[in-house]
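Engineer: What follows is a structure written as structure tokens; I'll ask about it next.
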Amino acid sequence: MASIKDVAAEAGVSAATVSRVLNGHPSVSSGARTRVLAAVDALGYRPNAVARSLRTDQTHTLGLVISDVLNPYFTELARSVEEEARAHGYSVIIGNADEQPELQDHHVRNLLDRRIDGLLVSPTDGGSPLMLDAAHTGTPMVFVDRWIPGVDVPVVRADGREAVRDLVTHLHGLGHRRLAIIAGPAATMTGSERVEAFQEALREYGLPLPDAYVGQGDFQAASGRRATEAFLNLPEPPEVVFATDNLMALGALDAIRARGLSVPHDIALAAFDDIPWFVHTDPPITAIAQPTGELGRAAVRALVDRIEGRPPQSVTLTARLVVRRSCGEPPPMQPSSMQRSIT
């Protein structure tokens, strides 16, 4: 493997001149710069990123700790983060917490040890001492999707309260009165916020939310199955199950079909976090969609601002209701097969 001295010998310049060219220093003549770059190409030289980071105190690397890589929402989020980071000259190292606080801390610790320039986190709980310490000691950090109250870190998220209200209004208009919810972990802000929004919307319509109609989930499919099985075992099952994330919705759908029941004729189903698969289920699932790609891009921009000394801004985007046919909606109108003849 070629070294910086080899490049210098090939170009007929000093190693210091090669270093200045590679770091974009303006004090190098155009002729020397051309010879150095030609030598780099000819020898296949690759700068030592570790050594460069020790000199510049930057690695041009961001860390991203997501809650569950199997969740299509977080997969799309990670993709948008990586694309936006690349556009700003940064690479991304991803850690999957799998909704486990201890695994989240493992990834945060490893990323900090790698001297990343900044950290994006979707917290799995109310905040571990390790992550809180990282925030308090000045590590450039942005919370994305989820956040920890009281921690002075920019937050990039979507506000789903109005979309949840729109969902309840939609369900009420379809004639549904017994509505159940599969909640996410109460330790996460998204878990508690979505339940609160659902309760508030039900109160507007004078609808009760019995304890038996609140299933406790963990944002993973198995918990959605368990909660829905419990709903179906009730003497008076709900008319609608609202799962507060997409994986729990898929688990709920499994439980319903395992009983030989159908959606929406026997029980309706709606979800928070729309995913591409939902248009391919039978019937397509009514869901609340978050602007996932823009969340990832906005989070990277906020973190880069923080790293590069500009004041970062928290960003709140808006979720929206996507109506399909899993709650008893009428089928879309088909164009008439009869065409007026042209004479």
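The values are calculated or read from the model by the stated rules, or taken from the named source; none is laboratory data. Just so we're clear, the structure is a prediction, and the values are computed from it rather than from any experiment. Cβ coordinates were reconstructed from backbone atoms using ideal geometry, including for glycine residues, and neighbour counts include every protein chain displayed. Remember, those area values only see protein heavy atoms, side chains included, never the ligands or the DNA or RNA. Shrake-Rupley method; radii C 1.70, N 1.55, O 1.52, S 1.80 Å.
Engineer: Given the criteria more than 26 Å from residue 80 (Cα to Cα), within 26 Å of the chain's Cα centre (by Cα) and among the hydroxyl-bearing types (Ser, Thr, Tyr), does residue 262 qualify?
Structural biologist: Against the criterion (more than 26 Å from residue 80 (Cα to Cα), within 26 Å of the chain's Cα centre (by Cα) and among the hydroxyl-bearing types (Ser, Thr, Tyr)), residue 262 does not qualify.
Engineer: Which condition breaks for residue 99 when tested against (1) in contact (Cβ under 8 Å) with a residue 60 or more places away in the chain; (2) farther than 30 Å from residue 179 by Cβ; (3) of a type outside the set (S, T, N, Q)?
Structural biologist: The one condition residue 99 does not meet is (2).
Engineer: Any idea which residue in the range 277-316 is farthest from residue 158 (Cα to Cα), counting only those that are in contact (Cβ under 8 Å) with a residue 40 or more places away in the chain and charged (D, E, K, R)?
Structural biologist: Top of the filtered list is 306.
Engineer: Please verify whether the range 252-261 includes one or more residues that are open to solvent by less than 10 Å² (accessible area, probe 1.4 Å) and of a type outside the set (Val, Ile, Thr).
Structural biologist: yes
Engineer: Right, next: Just for the range 163-193: of the residues that are within 20 Å of the chain's Cα centre (by Cα) and modelled with pLDDT of 95 or more, which one is surrounded by the fewest Cβ atoms within 10 Å (Cβ to Cβ)?
Structural biologist: Here the answer is 163.
Engineer: Right, residue 169: farther than 22 Å from residue 247 by Cα, of a type in the set (S, T, N, Q) and not in a strand (DSSP E or B) or not?
Structural biologist: yes
Engineer: Considering (1) of a type in the set (Gly, Ala, Ser); (2) open to solvent by 70 Å² or more (accessible area, probe 1.4 Å); (3) at pLDDT below 90, say which one residue 128 fails and leave the rest.
Structural biologist: Condition not satisfied by residue 128: (2).
Engineer: When you scan the range 73-92, do you find a residue that is in a loop (DSSP other than H, G, I, E, B) and under 26 Å from residue 289 (Cα atoms), even just one?
Structural biologist: Looking through the range 73-92, none of the residues is in a loop (DSSP other than H, G, I, E, B) and under 26 Å from residue 289 (Cα atoms).
Engineer: Here is a follow-up. For the range 284-306, enumerate the residues that are in a loop (DSSP other than H, G, I, E, B) and open to solvent by less than 10 Å² (accessible area, probe 1.4 Å).
Structural biologist: 285
Engineer: Out of all the residues in the range 206-248, which are surrounded by fewer than 21 Cβ atoms within 10 Å (Cβ to Cβ) and in contact (Cβ under 8 Å) with a residue 60 or more places away in the chain?
Structural biologist: 220, 239
Engineer: Counting only residues that are modelled with pLDDT of 95 or more and not in a loop (DSSP other than H, G, I, E, B), which one in the range 266-277 is farthest from residue 322 (Cα to Cα)?
Structural biologist: Filtering the range 266-277 for residues that are modelled with pLDDT of 95 or more and not in a loop (DSSP other than H, G, I, E, B), the one farthest from residue 322 (Cα to Cα) comes out as 268.
Engineer: Can you name the residue in the range 262-278 that is of a type outside the set (A, V, I, L, M, F, W, C) and under 22 Å from residue 199 (Cα atoms) and is also most open to solvent (accessible area, probe 1.4 Å) among such residues?
Structural biologist: Looking at the filtered set, the residue picked out is 274.
Engineer: If you go through the range 124-166, how many residues are over 17 Å from residue 244 (Cα atoms) and touching a residue at least 60 places away in the same chain (Cβ under 8 Å)?
Structural biologist: Within the range 124-166, residues that are over 17 Å from residue 244 (Cα atoms) and touching a residue at least 60 places away in the same chain (Cβ under 8 Å) number 8.
Engineer: Name, by its number, the condition in (1) modelled with pLDDT of 95 or more; (2) closer than 24 Å to residue 85 by Cα; (3) part of a loop (DSSP other than H, G, I, E, B) that does not hold for residue 309.
Structural biologist: With respect to (1) modelled with pLDDT of 95 or more; (2) closer than 24 Å to residue 85 by Cα; (3) part of a loop (DSSP other than H, G, I, E, B), residue 309 is out only on (1).
Engineer: What do you reckon, is residue 321 open to solvent by 10 Å² or more (accessible area, probe 1.4 Å), within 16 Å of residue 160 (Cβ to Cβ), in contact with a helix residue (DSSP H, G or I) (Cβ under 7 Å, 6 or more places away or on another chain) and not basic (Lys, Arg)?
Structural biologist: yes
Engineer: Report yes if residue 115 is open to solvent by 10 Å² or more (accessible area, probe 1.4 Å), farther than 27 Å from residue 250 by Cα and at pLDDT below 90, otherwise no.
Structural biologist: Judged against the criteria, residue 115 is a match.
Engineer: Look at residue 120 and say whether it is touching a residue at least 40 places away in the same chain (Cβ under 8 Å) and surrounded by 19 or more Cβ atoms within 10 Å (Cβ to Cβ).
Structural biologist: yes
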